[in-house]
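Scroll down for the structure; my scribbles are underneath it.
The values are calculated or read from the model by the stated rules, or taken from the named source; none is laboratory data. This is a predicted model, so every value here is computed, not measured. FYI the Cβ positions are ideal-geometry reconstructions off the backbone, even for glycines, and counts take in every protein chain you see. In case anyone asks, the SASA skips ligands and DNA or RNA and just uses the protein heavy atoms, side chains included. Shrake-Rupley method; radii C 1.70, N 1.55, O 1.52, S 1.80 Å.
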There are 2 protein chains.
Amino acid sequence: MKLASLKEGGRDGTLIVVNRELTRAVRAGTLAPTLQKAMDDWGAVAPRLAELADALRDDKAPGSFELEVSALAAPLPRAYQWADGSAYVVHVELVRKARGVEMPPSFWTDPLMYQGGSDSFIGPNDEIELADEAWGIDFEGEIGVIVDDVPMGISAEAARKHIKLVTILNDVSLRNVIVGELAKGFGFFHGKPATAFAPVAVTPDELGDVWNGARLDLPLISTFNGREFGHPNAATDLTFDFGQLIAHAAKTRNLEAGTIVGSGTVANRDASVGCSCIAERRVRETIESGKPVTPFMKFGDHIRIEMIDKAGQSIFGAIDQKVVKYDPP
Amino acid sequence: MKLASLKEGGRDGTLIVVNRELTRAVRAGTLAPTLQKAMDDWGAVAPRLAELADALRDDKAPGSFELEVSALAAPLPRAYQWADGSAYVVHVELVRKARGVEMPPSFWTDPLMYQGGSDSFIGPNDEIELADEAWGIDFEGEIGVIVDDVPMGISAEAARKHIKLVTILNDVSLRNVIVGELAKGFGFFHGKPATAFAPVAVTPDELGDVWNGARLDLPLISTFNGREFGHPNAATDLTFDFGQLIAHAAKTRNLEAGTIVGSGTVANRDASVGCSCIAERRVRETIESGKPVTPFMKFGDHIRIEMIDKAGQSIFGAIDQKVVKYDPP
């Protein structure tokens with residue numbers, strides 16, 4: 001089934017079940033008013049949501065309505081945890097190469113992960129509001145999973161069964177802020193403003209054989225100002241799958257239900273497939289010609305991120321956003 | 001007023017109002033079932049909670065009961081954001097001095113802050129469960145504030161009025177894990193297991209003249225295995241007050257109601273007042289005698305963190321925890 005949240009009913013939105021074609025939806029109502037409530041009691045709630053999804057498919061769900069993506073918040077409009085990995089190590093290696101520094105070999109065996117801000121996500125069509133173009137505004141196309149309760153110290157193999165939903169996201173990044181911020185040694189904070197999510201999150205069974213239980217074998221398509229920017233495959237060159245990423249996140253603590261774990265920017269070694277963020281293209285340009293050519297995002301720029309299944313259906317719907325100037329109070 | 005959460009009624013607990021003496025309490029009930037719900041609508045809910053606090057004080061609150069601290073979760077058992085500063089720069093300077101590296105001068109003007117895990121806090125008397133003593137288990141006594149909605153780009157002065165609650169906390173840290181983790185460049189993750197909070201969070205008016213709107217002028221007392229470990233004053237040597245820390249956190253994004261902002265380990269330049277964490281004592285030992293003497297925490301060790309007002313009353317109640325061995329599944 002496919003789940004989304006309407007921007008109505010409060011800070012956590014209103015949970016809706018969406019059909020496969022992303023054309024119609026129905027409120028989950030008393031089954032679970034919000035996606036967080038569904039995650040809190042997934043074992044009991046999911047089968048009933050699945051029944052509602054079946055009824056919607058068969059045009060037998062009372063109160064169903066036409067889906068408008070602009071009415072959607074992120075599937076979890078706010079979450080208790082957002083733990084983002086950097087699982088395509090080829091990407092990290094490229095970035096280091098452009099900077100002329102060697103990557104520690106341990107990066108191939110020990111995942112990079114940062115704690116992201118999760119209190120205030122933005123919806124698939126929400127504007128990216130930022131005060132300053134000089135911050136080096138960039139998009140990052142990623143895969144994310146939402147888990148139920150994960151006990152501390154779990155194995156990567158056992159972690160797989162905690163993946164309840166899969167989605168895609170735009171981990172908006174401020175490249176010119178990140179440089180100085182990481183140098184301070186405490187990780188990302190200003191450099192990672194509000195993250196945007198796809199219209200829907202889907203249960204793994206929706207994905208069929210492109211989902212192996214821990215990774216998604218399809219291209220992630222990024223379109224920047226109407227031109228394709230990249231379509232790297234999310235299974236190719238994935239160094240750590242979601243079982244490994246969840247186990248990494250849970251090494252010294254429990255993960256509460258509704259925790260979102262991200263893959264980091266989807267990236268392939270093959271340059272011909274393009275990139276899922278501007279920073280990587282700039283790195284490739286630097287390696288090829290000595291300097292970056294593509295500028296970061298300007299106010300008015302558009303980014304679209306989507307994943308299409310083998311039958312041509314958009315799986316998660318499109319993240320489709322414009323960058324706009326924010327005026328502080 | 002003083003607010004706490006009982007470990008009952010679900011993942012967010014049940015909001016209670018506690019009297020000044022921390023002896024009696026009453027459920028907030030329909031006013032706000034949980035502290036997060038109260039934060040979500042603070043302007044409307046707070047005056048009604050204050051009325052209930054008055055009734056409790058006057059012994060006129062039906063259903064009031066004797067407070068048992070062991071029945072308490074953290075005031076927010078889970079939160080949407082935990083942004084922890086390092087506002088006592090004297091502490092950072094000491095740590096660097098022991099390592100023989102210079103601290104960048106910018107650290108005196110640009111706050112250090114990390115994004116903490118907020119999905120699963122532990123209560124004031126909960127055991128600190130960890131799998132391995134070799135991780136270098138440490139406590140960190142800190143001040144924390146809980147804010148309502150803070151708009152992106154706010155000034156430090158305007159940020160002060162968003163402080164709705166004040167509390168103290170134990171930011172449990174794994175020192176031997178942090179060294180390697182920070183070297184990876186993405187900040188803390190494994191090195192910061194579940195954070196523990198005091199029994200209650202209080203509105204600023206409870207603090208009287210020791211609260212200047214952005215800092216708390218009282219000693220924070222840490223007692224390790226029954227012996228005083230330190231009592232540094234939380235206003236002395238505070239480089240960035242809470243107005244500045246909140247403004248820093250909100251530089252590139254909005255902060256959702258219920259966000260917790262922390263001060264970092266309370267530390268004074270004056271060595272005679274002791275420390276709020278073992279790491280700092282070890283640093284001082286290293287500077288004095290060439291090597292650290294005090295070991296990190298072992299299974300069975302106790303830590304108590306508390307703040308006493310000028311009349312001798314514990315303001316937030318005591319954090320009082322034991323470290324125990326955790327066996328992974």
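Quick notes on this structure:
- Per-pair calculated FRET efficiency, R0 = 35 Å: residue B:96 and residue B:322 via Cβ, rounded to 0.05: 0.65
- For residue A:164, the aspartates and glutamates whose Cα falls under 16 Å of its own Cα, not counting residues fewer than eight places away in the same chain, are A:40, A:41, A:148, A:149, A:205, A:206, A:241, A:256.
- Copies compared at residue A:271 - label distances in nm, ascending, label defined 7 Å from Cα in the Cβ direction: 5.7
- The charge dipole of chain A, taken about its Cα centre with unit charges on the Cβ atoms of Lys, Arg (+1), Asp and Glu (-1) only, comes to about 400 debye.
- Counting, for every residue in A:77-83, the Cβ atoms of other protein chains within 10 Å of its Cβ and taking the mean gives 5.
- Counting only Cα atoms, chain B measures 60, 44, 43 Å along its principal axes, largest extent leading.
- Dipole magnitude of the protein assembly as shown about its Cα centre (Cβ charges: Lys, Arg +1; Asp, Glu -1), debye to nearest 20: 700
- Ordering of A:57-70, A:202-215 by packing is A:202-215, A:57-70, highest average first (other Cβ atoms within 10 Å, averaged per residue).
- Shortest-first distances to equivalent copies, position residue B:308, nm, label 7 Å out along Cβ: 7.1
- Residues losing 30 Å² or more accessible surface upon assembly, segment B:109-151, compared with the chain by itself, 1.4 Å: B:112, B:113, B:115, B:117, B:119, B:120, B:135
- The residue in chain B that lies nearest, by its beta carbon, to the axis linking chain B with chain A is given here with the distance in whole angstrom as B:187, 1.
- Virtual spin-label span in nm between residue B:107 and residue A:176, 7 Å along Cα→Cβ: 2.7
- In chain A, helical runs assigned H by DSSP with n ≥ 4 each contribute -39500 (n - 2.57); averaged across all residues and rounded to the nearest 500, the mean residue ellipticity at 222 nm is -6000 deg cm²/dmol.
- The modelled label-to-label distance between residue B:161 and residue B:50, using points 7 Å beyond Cα along the C-beta direction, is 1.5 nm.
- Label-point distances for residue A:180 to the equivalent site in the other copies, using a point 7 angstrom along Cα→C-beta, read 3.3 nm when ranked shortest first.
- The ellipsoid that matches the Cα gyration tensor of segment B:225-280 has semi-axes, each √(5λ) in whole angstrom, of 29, 13, 8, with the longest given first.
- For residue B:78, net neighbour charge (Lys/Arg +1, Asp/Glu -1) across residues whose Cβ lies under 11 Å away: -3
- Volume per residue of the C-alpha convex hull in segment A:46-108, rounded to whole Å³: 212
- When the solvent-accessible area of segment B:1-111 is split by element, carbon and sulfur atoms take up 50 percent of it, the probe being 1.4 Å.
- The listed residues A:103, B:39, once ranked by accessible area (1.4 Å probe) with the largest placed first, stand as A:103, B:39.
- Cα centroid of segment B:66-125 to Cα centroid of segment A:44-76, whole Å: 41
- Within segment A:194-252, all pairs of alpha-carbon atoms sorted by distance into 5 Å bins from zero give the percentages 4, 14, 16, 23, 23, 13, 5, 1, 0.
- Subset of A:2/A:60; A:192/B:184; A:97/A:251; B:298/B:322 violating a 20 Å alpha-carbon distance limit: A:97/A:251
- Kirkwood's formula applied to the C-alpha pairs of segment B:205-317 gives a hydrodynamic radius of 16.0 angstrom.
- Span-like helix ranges in chain A, DSSP H, alpha carbon extent 20 angstrom or more, Kyte mean at least 1.6: none
- Estimated Rh, the protein assembly as shown: Kirkwood, alpha-carbon pairs, angstrom: 25.4
- Segment A:181-253, dipole about Cα centre (Lys/Arg Cβ +1, Asp/Glu Cβ -1), debye to the nearest 20: 500
- Expressed per residue, the C-alpha convex hull volume of segment A:112-225 stands at 140 Å³.
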